[in-house]
1. Provide the descending list of Cα extents for the range 126-229 along its principal axes, expressed in whole angstroms.
2. Among the lysines, which fall within straight-line cross-link reach of residue 145, defined as a Cα-Cα distance under 22 Å, with same-chain neighbours fewer than 8 residues apart omitted?
3. For the chain, how big is Rg over Rh, using alpha carbon atoms and the Kirkwood form of Rh?
4. For the range 1-133, which whole-number percentage of the solvent-accessible area (1.4 Å probe, protein heavy atoms only) is attributable to carbon and sulfur atoms?
5. Kindly report, to the nearest 10 Å², the accessible surface of residue 203 as traced by a 1.4 Å probe over protein heavy atoms only.
6. How much length is gained if the chain between residue 235 and residue 199 is pulled fully straight, taking 0.36 nm per residue apart and subtracting their Cα-Cα distance, in nm to one decimal?
7. At what distance in angstrom do the alpha carbon centres of the range 200-216 and the range 42-76 lie from each other?
8. Roughly how many Å² of residue 164 are accessible to a 1.4 Å probe, to the nearest 10?
Amino acid sequence: MGAFVGDLGVQVVVMTLMMLGGLGFPVMVELVRHGWRRLVRLVKPTTPAPPRLSLATRVVLSTTLALVVAGTVAVLALEFGSGLQPAGEHGIFYRLWSALFISANTRSGGLDTVGVGGMRDATLLVLCVLMFIGGAPASTAGGIKTTTFATVVATLRAELRGREPELGGRALAPEVVRKATAVLVMMSGLLMAFVLLLSLTEDLPFLHVAFEAVSALATVGLSTGITSSFSVAGKLLLTAAMFLGRVGPFTIALAVADRAATHSRHRLAREDLPVG
């Protein structure tokens with residue numbers, strides 16, 4: 001950790017790789033093609049203008065940017081005089097950079113340059129939320145994915161306004177809303193189960209144990225430094241969390257749903273149900 005506190009070059013390279021990996025390969029391919037077509041148009045003005053970026057790419061880029069900025073601001077505000085102190089000798093710039101770096105790490109990183117274990121509980125909770133959201137679909141990151149988070153937020157906003165869910169000027173299909181809700185519920189259930197089991201097997205600070213569980217399930221790699229203190233049962237639970245987080249609960253659910261759908265030849269009558 002300490003060897004890279006002031007090594008800006010290493011941190012820039014690592015953060016760039018983390019951000020690119022968290023965007024996902026389809027997004028990167030589309031961005032490269034879009035940039036190439038714009039470059040060709042600059043050379044040959046008669047060339048047709050490149051098409052607009054797809055909704056998925058726009059949602060991934062905007063959501064990722066919003067999460068990184070929000071995480072940076074939160075970490076900087078909460079840890080300016082304490083958790084970011086190891087970088088304090090380098091001035092305000094390195095504190096800001098350290099906050100940005102740790103926020104970007106929640107995508108799917110693992111290089112801790114400031115010592116997450118020494119941060120406040122409030123900061124750890126913010127990092128847990130960011131890790132739980134994760135990166136984009138078809139990326140190297142885990143979590144519920146940025147598109148799932150954006151869909152859930154758009155659905156909540158639409159319900160409060162009494163309108164149809166929409167993102168980027170496009171209405172969201174009901175299937176997208178259902179899948180996003182299923183992913184959120186299943187990942188939340190898995191997380192609660194692992195946190196409960198780890199709290200039973202480990203006699204350690206609860207929030208630190210929860211942080212380890214979120215980091216494992218979201219396949220991030222950050223740690224408060226207590227992993228080596230876990231019992232054999234706790235380490236096996238973390239291993240299971242990493243495996244399930246990488247495979248993805250919705251992948252399993254989708255396989256089961258497709259199998260069940262082949263045997264369903266009827267549709268039940270619809271009826272309203274009060275909620276809330």
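1. 49, 25, 21
2. Within the straight-line cut-off, residue 145 pairs with 179.
3. 1.02
4. C and S atoms contribute 72 percent here.
5. 150 Å²
6. Extra length from residue 235 to residue 199 when fully extended: 11.7 nm.
7. Measuring centre to centre over Cα atoms gives 35 Å.
8. Using a 1.4 Å probe on the heavy atoms, I get roughly 120 Å².
The values are calculated or read from the model by the stated rules, or taken from the named source; none is laboratory data. On a predicted model such as this, the values are computed, not experimentally measured, just so you know. Ligands, DNA and RNA are excluded from the accessible area calculation, which covers all protein heavy atoms including side chains. Shrake-Rupley method; radii C 1.70, N 1.55, O 1.52, S 1.80 Å.
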